[in-house]
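Heads up: the structure comes next, in structure tokens.
The values are calculated or read from the model by the stated rules, or taken from the named source; none is laboratory data. Given the structure is predicted, the values throughout are model-derived calculations rather than measurements. Cβ atoms come from the backbone with ideal geometry, glycine included; neighbour counts cover every protein chain shown. Keep in mind that these areas ignore ligands, DNA and RNA; they rest on the heavy atoms of the full protein, side chains included. Shrake-Rupley method; radii C 1.70, N 1.55, O 1.52, S 1.80 Å.
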Amino acid sequence: MKEILIVITGSVAAFKALELIRMFIKNGDKVRVVLSKGGQDFVTPLSVSALSGSEVITEDTYKMEHITLSRSVDLIIVCPASASFINKLANGMGGEVALDIFLAKRVETKVAIAPAMNVEMLNNPIVKINISKLEELGYNILDCSKGELLCKEEGEGKLMDVNEIFNEVNKMMEFGARLKGKKFLITNGGTIEKIDDVRFISNFSSGLQGALIAKELLERGAE
């Protein structure tokens with residue numbers, strides 16, 4: 001059984017977090033939920049507490065939980081993570097329970113961020129820089145899906161399918177520390193074999209396989 005804290009922020013995809021909560025509960029995991037002020041514009045504390053089986057933490061019910069919660073869970077998931085929340089989180093901002101949790105958490109506590117936003121927001125250089133900051137901190141950034149967004153625009157920015165989020169999180173927990181302390185060097189991309197001083201033989205390798213191997217090793221705790 002895992003102890004999971006799910007943070008729901010102000011995104012139109014917030015309702016999908018309810019299905020994720022249900023999946024973890026069905027799996028036998030213990031789930032606590034923090035509902036940001038923006039998140040309450042899309043889902044209600046009552047619906048969340050009914051699924052999680054525990055009191056939902058909001059700004060109105062906040063009683064120093066940023067310390068006790070962040071120290072008592074195995075994993076923190078932000079689902080969905082809005083552009084605004086990502087920008088605040090990457091720059092160390094606090095002042096609300098959903099952000100204070102990350103300032104108080106232990107370094108080793110695993111974090112998964114599931115972004116959901118408009119395609120232009122996702123492609124905004126500021127958002128991209130801040131996502132990179134979070135990745136450098138060791139946060140697991142889950143990929144967005146492509147398709148028709150809830151704002152009716154097309155492109156990348158949809159919340160990852162909740163079944164995939166569930167599987168990714170379980171894989172993180174299963175493999176997280178298995179290769180901790182191990183260092184790997186991966187050669188990636190096309191190769192060149194010299195024929196003579198002028199000519200060579202190469203190939204069209206995209207480097208995708210090497211990149212996926214590197215991603216899997218990182219998820220298992222390797223350097």
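For a quick check of your reading: which helices (runs of 4 or more DSSP H) sit entirely within the range 1-110 and have at least 3 residues that are within 23 Å of N163 (Cβ to Cβ) and over 15 Å from the mean Cα position of the chain (by Cα)?
16-26, 45-52
Return the residues of the range 197-213 that are of a type in the set (F, W, Y) and more than 41 Å from the chain's Cα centre (by Cα); say none if nothing qualifies. Let's see the steps before the verdict.
Step one: of the range 197-213, the residues of a type in the set (F, W, Y) are 200, 204.
Within the range 197-213, just F200 meets the criteria.
Run M160 past the list (1) of a type outside the set (S, T, N, Q); (2) over 20 Å from N27 (Cβ atoms); (3) assigned to a loop (DSSP other than H, G, I, E, B) and report the number of the one that doesn't hold.
Going through (1) of a type outside the set (S, T, N, Q); (2) over 20 Å from N27 (Cβ atoms); (3) assigned to a loop (DSSP other than H, G, I, E, B) one by one, M160 breaks only (2).
Testing S82 on (1) in contact with a Leu (Cβ under 8 Å, 6 or more places away or on another chain); (2) touching a residue at least 60 places away in the same chain (Cβ under 8 Å); (3) crowded, with 20+ Cβ neighbours inside 10 Å, one condition comes back false. Which one is that?
Single failed check for S82: (1).
What are the pairs, 6+ residues apart or on separate chains, where a residue within the range 127-144 that is closer than 17 Å to M117 by Cβ has its Cβ under 7 Å from a residue that is part of a helix (DSSP H, G or I) and small (G, A, S)?
Short answer, once both residue conditions are applied: V127/A83; N130/A90; K133/A90; L134/A90.
Could you please find all residues in the range 102-157 being more than 29 Å from G221 (Cβ to Cβ), modelled with pLDDT under 80 and of a type in the set (D, E)?
E148, E153, E154, listed by residue number.
Looking at the range 45-55, is at least one residue closer than 16 Å to V97 by Cα and surrounded by fewer than 17 Cβ atoms within 10 Å (Cβ to Cβ)? Steps first, please.
If we filter the range 45-55 for residues that are closer than 16 Å to V97 by Cα, which is where we start, we get 45, 55.
Filter once more, so that each one left must be surrounded by fewer than 17 Cβ atoms within 10 Å (Cβ to Cβ): 55.
Within the range 45-55 (the criterion being closer than 16 Å to V97 by Cα and surrounded by fewer than 17 Cβ atoms within 10 Å (Cβ to Cβ)), the answer is yes, since at least one residue qualifies.
Do we find that I165 is among the β-branched types (V, I, T), closer than 21 Å to M23 by Cβ and open to solvent by 20 Å² or more (accessible area, probe 1.4 Å) in this structure?
Working: among the β-branched types (V, I, T): yes; closer than 21 Å to M23 by Cβ: yes; open to solvent by 20 Å² or more (accessible area, probe 1.4 Å): no.
Judged against the criteria, I165 is not a match.
Would you check if L212 is in a helix (DSSP H, G or I), at pLDDT 80 or above, farther than 23 Å from L18 by Cβ and out of contact with any helix residue (DSSP H, G or I) (no Cβ under 9 Å at 6 or more places or on another chain)? It would help to see each step written out before you state the result.
Working: in a helix (DSSP H, G or I): yes; at pLDDT 80 or above: yes; farther than 23 Å from L18 by Cβ: yes; out of contact with any helix residue (DSSP H, G or I) (no Cβ under 9 Å at 6 or more places or on another chain): yes.
So L212 fits the description; yes.
Considering only residues that are free of Cβ contacts under 8 Å to residues at least 40 places away in the same chain and open to solvent by less than 60 Å² (accessible area, probe 1.4 Å), which ones fall in the range 3-24?
Listed by number, the residues that qualify are L18, I21.
Would you check if K105 is surrounded by fewer than 20 Cβ atoms within 10 Å (Cβ to Cβ) and touching a residue at least 24 places away in the same chain (Cβ under 8 Å)? Working first, answer last.
Details: surrounded by fewer than 20 Cβ atoms within 10 Å (Cβ to Cβ): yes; touching a residue at least 24 places away in the same chain (Cβ under 8 Å): yes.
Yes, satisfied.
Output the residue which, of all residues in the range 158-201 that are within 23 Å of A112 (Cα to Cα) and either in contact with a Ser or Thr (Cβ under 9 Å, 6 or more places away or on another chain) or among the aromatic types (F, W, Y) (or both), is modelled with the lowest pLDDT.
Top of the filtered list is F175.
Could you look through the range 170-220, keep only residues that are open to solvent by 100 Å² or more (accessible area, probe 1.4 Å) and among the β-branched types (V, I, T), and pick out the one that is nearest to L5 (Cα to Cα)?
Within the range 170-220, the match that is nearest to L5 (Cα to Cα) is T187.
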